[in-house]
Amino acid sequence: MSWRRPMAASEAKHDDVAPLRVAVVQAAALPGDNAGNAARAAAWVRHARRAHEATLIVFAELFLCGYDVPAEAWRREALVADAEVSAPLATVRDAAVEAGAYVGVGYSERPSAESGDEAAAPTTIFNSFALFAPTGELVLNYRKTHLFGDEAKAFTPGGDGELKKVVTLEPWGLRTGALICFDLEFPEVVRSLALQGARLLLLPTAIVDCRESLVVPMHVLPARASENHMHIAYANLLSSPEGAANPEAPLSFCGRSAVVAANGVVLARASPGDDAEAWAGAARGSCDCDGGDGGDGRPADPEGYPRTEVVWAEVRPSDCAAHRARNPYFELRRPAAYTT
């Protein structure tokens, strides 16, 4: 007879609340244009809320400033994590309030000495992700802890305390953490959030289109969800025409943003980005990928840019508990037997 863990009261008591509808926005960022991308994000927040009733909307890594830009643009466009002094973040915050939804976006962050941030220094910037509540409060600001490639030439990795940032999304009682892109490829990082009670992971990314990288969205991502009993909202970038044409370091992102359930099942998947129309016929859950031309109330994409897509799915805390009951990984762990 197999062992079954009973559902905790804290996990069951929110089942009378409508599910959290998670939407991820897959779009190309305007290079080095915080204000322009913030305005686009606000427009897509309004659309996701109106057309899909999304209550959590997630954008990709460094969406406000762009990823496919020179390092000096990351420094120039760096913002203080305070919507009162950073107008682009205020635009995103106001969109969250207007929509009555949680909204998360990636950006380049400059720590502020005025706010008492011990990390403040003239050359220090972070690859960060800000999550605003429907009240307008900045409830989570995560700094990427594992930098990939040339990121390390510009950004400083977040400190140890970043992996202790777990917040509760109300009224769902859903404990939530955030990581960024390369962080996902370290199993112990995701597990550390799960052991702190996180049942939803927000994961903005900027992963490129190559054979090795595709392993991450297609295989690593659902595995991390399943082994940690954790829903994951995974938002990737698309390539801007300017970034793709850069002769020094052309970047092509692989798309494939997704919402993954706590049992590892992909509930919704966006296209690879290069052929959204052909991909639209695939069985991949709920996706808004037709248009991008302003039709049917959808925001128009900049001329020459790939079409923006929104994928969405509904999740509950009890889904995590049900998967954990079937596969009690946490209860059967043997930390004393593991070497470090």
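Counted over the range 16-156, the DSSP beta bridges are approximately 65% antiparallel.
Taking the protein heavy atoms of the range 49-101 in the context of the full set of protein chains, the accessible area attributed to carbon and sulfur is 48 percent at 1.4 Å. By accessible area, using a 1.4 Å probe on protein heavy atoms only, the range 136-195 has 55% of its surface on carbon and sulfur.
Cα centroid separation, the range 53-93 to the range 154-198: 19 Å.
Counting heavy atoms of the protein chains only and a 1.4 Å probe, report the per residue accessible area for the range 134-265 as a whole number of Å². Spell out each step's value before the answer.
Values: 4940 Å² over 132 residues.
Heavy-atom accessible area per residue stands at 37 Å².
In terms of the mean number of neighbouring beta-carbon atoms within 10 Å, the peptides 163-172, 23-32, 141-150, 313-322 order highest first as 23-32, 313-322, 141-150, 163-172. Per residue, the range 27-124 exposes 37 Å² of accessible surface when a 1.4 Å probe is rolled over the protein heavy atoms with every protein chain present.
So how many Å³ per residue does the convex hull of the Cα atoms of the range 50-137 work out to? Could the numbers behind the result be given before it?
On the way: hull volume 8.0 nm³, N = 88.
Convex hull of Cα atoms, per residue: 91 Å³.
The values are calculated or read from the model by the stated rules, or taken from the named source; none is laboratory data. Quantities reported herein were computed from a predicted structural model and do not represent experimental measurements. Virtual Cβ from ideal backbone geometry, glycine too; neighbours counted across all protein chains shown. Accessible surface areas use protein heavy atoms only, side chains included; no ligands, DNA or RNA. Shrake-Rupley method; radii C 1.70, N 1.55, O 1.52, S 1.80 Å.
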